[in-house]
Amino acid sequence: FKGGDTCEYLLSSGRFLGEKVWQPHSCMMHKYKNSEAKNCLIDKHIVFIGDSRIRQLFYSFIKLINPQVKEEGIKHGNIPFEDKSASIKVDFLWYPEVNGSMRQRIKSWTEGSVAKPHIIVVGAATWSIKIHNGSNEALAQYKINITSIAPLLEKLAISSDVYWVLQDPVYEDMLSESRKMITNEKINAYNEAAVRILNSSSRNSKAKVKVFSVSKLIAQETIMKSADGLHLPESSRDTNAMILMNVYCNKIMKPIDGSCCQPQPPLTLIQKIAFCFFTLSIIGYLIISLIHRNNYRKNKSCTDLESGEEKKPAISTPNVSTVEMLLQCFCKLGLIMTYFYLCDRANLFMKENKFYTHSSFFIPIVYILVLGVFYTENTKETKVLNREQTDEWKGWMQLVILIYHISGASTFLPVYMHIRVLVAAYLFQTGYGHFSYFWIKGDFGVYRVCQVLFRLNFLVVVLCIVMDRPYQFYYFVPLVTVWFMIIYATLAVWPQIVQKKANGNCLWHFGLLLKLICLLTCIYFLSYSQGAFEKIFSFWPLSKCFELNGNVYEWWFRWKLDRYVVFHGMLFAFIYLALQKRQMISEGKGDPLFSNRISNVLLFISIVSFLTYSVWASSCKNKTECNELHPSVSVVQILAFILIRNIPGYVRSVYSSFFAWFGKISLELFICQYHIWLAADTKGILVLIPGYPMFNVLVSTFIFVCVAHEISQITNDLAQIVVPKDNSTLLKRLLCIAGFFSGLHFFSAMQDQSRH
């Protein structure tokens, strides 16, 4: 931990990821859109003072506000720009030398009641080198002039943001004869003089002129692509303009993926209460542990000095009490949440932008697939989608999704479309698993519902409190929660049709199909009636759960994207269990699922369907159009995979214990990645060990997986305490939970009021 202001890193250091993506040291840079730039700079006056290089930066900057601007101004003269819609004024003032004229212009802003620019960007030197043929006298005069200007800039820096742009290196081989005297040696001498004088001046002043030195690093990598050896290529000056925008606007706009120059957010009231609760839990657990340890020492077996025999303790060590178990769980959870907060809310660890390359995605995929095949074991049962197989399925899908997120592969459309199928497959399993349970067991009790809801939502509720994020931010958990409640409501409402009842009368099967048709009709209606959907989820208290940025559009989009796949999962479960009951499929060890002829035909159709979908997804050109088709066609690849995985008897009889282990903690992995593996709420990558990308990924991954596994155990332990089987005790716990959420809502309302 070096500490300091991330703005200093943004202005002075960084590296290129690939050819055009600039990565500042230790923080993430946001890519500003025109609308965002206008909102940030509304009613602002920005001035660029200098030579032709500063003029280049001026044009790149105003193109962030209005991309239609053309570089048609007077080359050696002042150029004004104004955006009347946002009352933004940006001026370029032609002062190619640091001299008396430049000093007079700067001094005019420091006198009287003259309106000062909000941002001032200054820089010049190459003209002084050129006009005076690189003489030492010109350098000495440059030092004198900067020394006289520095106090004026410091005075302006009290109320304005002032940046001194250091001179970029040149590509000497490409310089024209009239510019041959502009050498990198001379430029370095001028830069050193400027930095020394400005730093010396800032020591005696409360305000500070910010030195924009990062442009030098960018130019070192790109100046060879320059048209004349002096001026930067367009992509490089655009990067400089974006850096300038981040330096000024990040603290105003607070973009999630722009961690540079953003101060640490203050603790909210709810966060303070949460930290107090976890601290008390840790202290309480330590006190109980010390008391138990002292009791154990008192009752410990000791040696009788006379007989030499060991005496047995009179009292045996008691079982762990419910209170102690609670305190132990909250103690561990408190330490884990502290780590979450330090990783993604405190400015303690570095964060970097993602950068996609094919190798960064596909090489890890191949590696984990090889590992998964290596850990192959026999299954305990050979049924279709048995527990080990579904855990394996969840595991390898989750690992692929994690690699997809950390590699930034969402920018590559074919990969994005295949990942969408994996997310759909999770929801397919939700429909299949819960339908199968209710259909076979017929258990519609409150205990079952509370157990599922607690296991799904516990971690997310804690993170909403600790990380100050809305529930809908962790979109997958609301999605599976709502779909679970829809499945429950569909099967629990009168008439309750379960397998035991249907076996007595085949007509009940048609009754269940009618229920499924009604469900499909409702899904279809809501998917094409955004207004009705938003009305349903805009009612309090649903709006508190499903709103993001003040509306439920994001929730509607997420729900609509995979709207049919849960229904497909329920329908598949119904058909499979009906075939199984009538012994129309063979699930013996090593036996194909159907007769050899039917199995071969279905296997061929499945492989062709699987590959056809992959070809279609790989040929996608437009994400919006492909997302429209996805809900209807994703089931093709899911069903194809299930048949390929289950028709051959040997394939159905084995599973990967490596993938299955990850499958058991897949939900925790999906949620924890937001803050302790990725960073800035999944927009970037957490950097624990700077300078060693591979080693950093190994260390952060190890911690991330361990934390997810521990949280899974904590959730299971707490579920047994918070959701007991006894109905009267469960009712009391539910009243306590209702009180907890009422208090949370009260404190949330207080927070919102104080913010406004």
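Assess whether Ser634 counts as being surrounded by fewer than 17 Cβ atoms within 10 Å (Cβ to Cβ), outside any loop (DSSP other than H, G, I, E, B), within 29 Å of the chain's Cα centre (by Cα) and assigned by the TED database to the domain that holds Ile711.
Here the answer is no, as Ser634 does not meet what is asked.
Could you check the stretch 421-475 and list, in sequence order, the residues that are more than 22 Å from Thr390 (Cβ to Cβ) and of a type in the set (D, E, K, R)?
Result: Asp468, Arg469.
Looking at the stretch 249-263, which of its residues are of a type in the set (D, E, K, R) and in a loop (DSSP other than H, G, I, E, B)?
Correct list: Lys254, Asp257.
Name the residue, out of Leu514, Leu519, that is hydrophobic (A, V, I, L, M, F, W, C), closer than 30 Å to Trp556 by Cβ, touching a residue at least 24 places away in the same chain (Cβ under 8 Å) and not assigned by the TED database to the domain that holds Leu744.
Only one candidate passes the filter, namely Leu519.
Go through (1) under 45 Å from the mean Cα position of the chain (by Cα); (2) surrounded by fewer than 16 Cβ atoms within 10 Å (Cβ to Cβ) and name the single condition Gln104 misses.
Only one criterion is unmet by Gln104, namely (1).
Can you run down the residue pairs with Cβ atoms below 6 Å, 6 or more apart or on separate chains, where the first is in the stretch 287-300 and not assigned by the TED database to the domain that holds Gln328 and the partner is open to solvent by 100 Å² or more (accessible area, probe 1.4 Å)?
Close Cβ pairs satisfying both conditions: Asn299/Ile315.
Please work out which one of (1) open to solvent by 30 Å² or more (accessible area, probe 1.4 Å); (2) within 26 Å of Val452 (Cβ to Cβ); (3) more than 16 Å from the chain's Cα centre (by Cα) is the condition Pro690 fails and give its number.
(2)
Residues that are under 24 Å from Arg448 (Cβ atoms) and either in contact with a Gly (Cβ under 9 Å, 6 or more places away or on another chain) or modelled with pLDDT under 95 (or both): does the stretch 402-418 have at least one?
No, every residue in the stretch 402-418 fails to be under 24 Å from Arg448 (Cβ atoms) and either in contact with a Gly (Cβ under 9 Å, 6 or more places away or on another chain) or modelled with pLDDT under 95 (or both).
For the stretch 716-732, which residues satisfy the criterion of being open to solvent by less than 50 Å² (accessible area, probe 1.4 Å), more than 23 Å from Phe444 (Cβ to Cβ) and out of contact with any Ser or Thr (no Cβ under 9 Å at 6 or more places or on another chain)?
Listed by number, the list holds a single entry, Leu718.
To keep it simple, each residue is scored yes or no on (1) without any contact (Cβ under 8 Å) to a residue 60 or more places away in the chain; (2) open to solvent by 40 Å² or more (accessible area, probe 1.4 Å); (3) among the basic types (Lys, Arg).
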position: Ala227; (1), (2), (3): yes, yes, no
position: Pro233; (1), (2), (3): yes, no, no
position: Thr239; (1), (2), (3): no, no, no
position: Ile243; (1), (2), (3): no, no, no
position: Asn246; (1), (2), (3): no, no, no
position: Ile256; (1), (2), (3): no, yes, no
position: Gln264; (1), (2), (3): no, yes, no
position: Lys272; (1), (2), (3): yes, yes, yes
position: Cys276; (1), (2), (3): yes, yes, no
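Run down Met102, Met28 and say which single residue is of a type in the set (A, V, I, L, M, F, W, C), modelled with pLDDT of 90 or more and in a loop (DSSP other than H, G, I, E, B).
Within the list Met102, Met28, the selection yields Met28.
Within the stretch 154-194, restricting attention to residues that are surrounded by 15 or more Cβ atoms within 10 Å (Cβ to Cβ), of a type in the set (A, V, I, L, M, F, W, C) and within 40 Å of the chain's Cα centre (by Cα), which residue is farthest from Phe48 (Cα to Cα)?
Val170
Of these, Tyr416, Tyr447, which one is open to solvent by 20 Å² or more (accessible area, probe 1.4 Å) and in contact with a Lys or Arg (Cβ under 6 Å, 6 or more places away or on another chain)?
Selected residue: Tyr447, the only one of Tyr416, Tyr447 that is open to solvent by 20 Å² or more (accessible area, probe 1.4 Å) and in contact with a Lys or Arg (Cβ under 6 Å, 6 or more places away or on another chain).
Give the residue, chosen from Glu221, Glu185, that is outside any loop (DSSP other than H, G, I, E, B), out of contact with any helix residue (DSSP H, G or I) (no Cβ under 9 Å at 6 or more places or on another chain) and of a type outside the set (S, T, N, Q).
Glu185
Which one of the conditions (1) over 20 Å from Pro265 (Cα atoms); (2) surrounded by fewer than 20 Cβ atoms within 10 Å (Cβ to Cβ); (3) within 19 Å of the chain's Cα centre (by Cα) does Phe454 fail to meet, given that it meets all the rest?
Every condition holds for Phe454 apart from (3).
Do you know which of the residues in the stretch 43-77 that are over 39 Å from the mean Cα position of the chain (by Cα) and of a type in the set (Asp, Glu) is surrounded by the most Cβ atoms within 10 Å (Cβ to Cβ)?
Applying the filter and picking the extreme gives Asp51.
Filter the stretch 521-575 for residues that are open to solvent by 60 Å² or more (accessible area, probe 1.4 Å) and over 29 Å from the mean Cα position of the chain (by Cα); which is farthest from Phe473 (Cα to Cα)?
Ranking the candidates gives Ile575 first.
Specify the residue that is nearest to the chain's Cα centre (by Cα); the eligible residues are those in the stretch 124-145 that are assigned to a helix (DSSP H, G or I) and buried (at least 22 other Cβ atoms within 10 Å of the Cβ).
This residue is Thr126.
Scan the stretch 369-392 for residues that are free of Cβ contacts under 8 Å to residues at least 60 places away in the same chain and β-branched (Val, Ile, Thr) and jot them down.
The answer is Val370, and nothing else.
Out of the residues in the stretch 195-208 meeting the condition of being part of a loop (DSSP other than H, G, I, E, B) and within 22 Å of Phe48 (Cβ to Cβ), tell me which one is modelled with the lowest pLDDT.
Ala207
Working only within the stretch 472-495, note down all residues that are open to solvent by 30 Å² or more (accessible area, probe 1.4 Å) and either in a helix (DSSP H, G or I) or out of contact with any helix residue (DSSP H, G or I) (no Cβ under 9 Å at 6 or more places or on another chain) (or both).
The answer is Phe473, Met485, Ile486, Tyr488, Ala489, Trp494.
Give just the number: which of (1) aliphatic (A, V, I, L, M); (2) assigned to a helix (DSSP H, G or I); (3) modelled with pLDDT under 95 does Leu643 not satisfy?
Failing condition for Leu643: (3).
Out of Lys225, Lys208, Lys216, Lys143, report the one residue that is over 23 Å from Phe61 (Cα atoms) and in the same structural domain as His25 (by the TED database).
Criteria check complete, one pass: Lys143.
Check Leu639, Leu602, Leu611, Leu669 and return the single one that is in contact with a Leu (Cβ under 9 Å, 6 or more places away or on another chain) and farther than 30 Å from Val462 by Cβ.
None of the others qualify; the one that does is Leu602.
Which one of these does Ile197 not meet: (1) open to solvent by 10 Å² or more (accessible area, probe 1.4 Å); (2) in contact with an Asp or Glu (Cβ under 6 Å, 6 or more places away or on another chain)?
It fails just one condition, (2).
So that you can scan it fast, the table gives a plain yes or no per residue for (1) modelled with pLDDT under 95; (2) open to solvent by 50 Å² or more (accessible area, probe 1.4 Å); (3) over 26 Å from the mean Cα position of the chain (by Cα); (4) of a type outside the set (Val, Ile, Thr):
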| residue | (1), (2), (3), (4) |
| --- | --- |
| Met350 | yes, no, no, yes |
| Phe362 | no, yes, no, yes |
| Tyr367 | no, yes, no, yes |
| Lys380 | yes, yes, yes, yes |
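Which numbered condition in (1) assigned to a helix (DSSP H, G or I); (2) under 33 Å from the mean Cα position of the chain (by Cα); (3) of a type in the set (Lys, Arg) is the only one that Lys515 fails?
With (1) assigned to a helix (DSSP H, G or I); (2) under 33 Å from the mean Cα position of the chain (by Cα); (3) of a type in the set (Lys, Arg) applied to Lys515, the lone miss is (2).
The values are calculated or read from the model by the stated rules, or taken from the named source; none is laboratory data. Note that the structure is predicted; figures quoted are calculated from it, not measured. Please note: Cβ atoms are built from the backbone with ideal geometry, for glycine as well, and neighbour counts cover all protein chains shown. All accessible areas refer to the heavy atoms of the entire protein, side chains included, with ligands and DNA or RNA removed. Shrake-Rupley method; radii C 1.70, N 1.55, O 1.52, S 1.80 Å.
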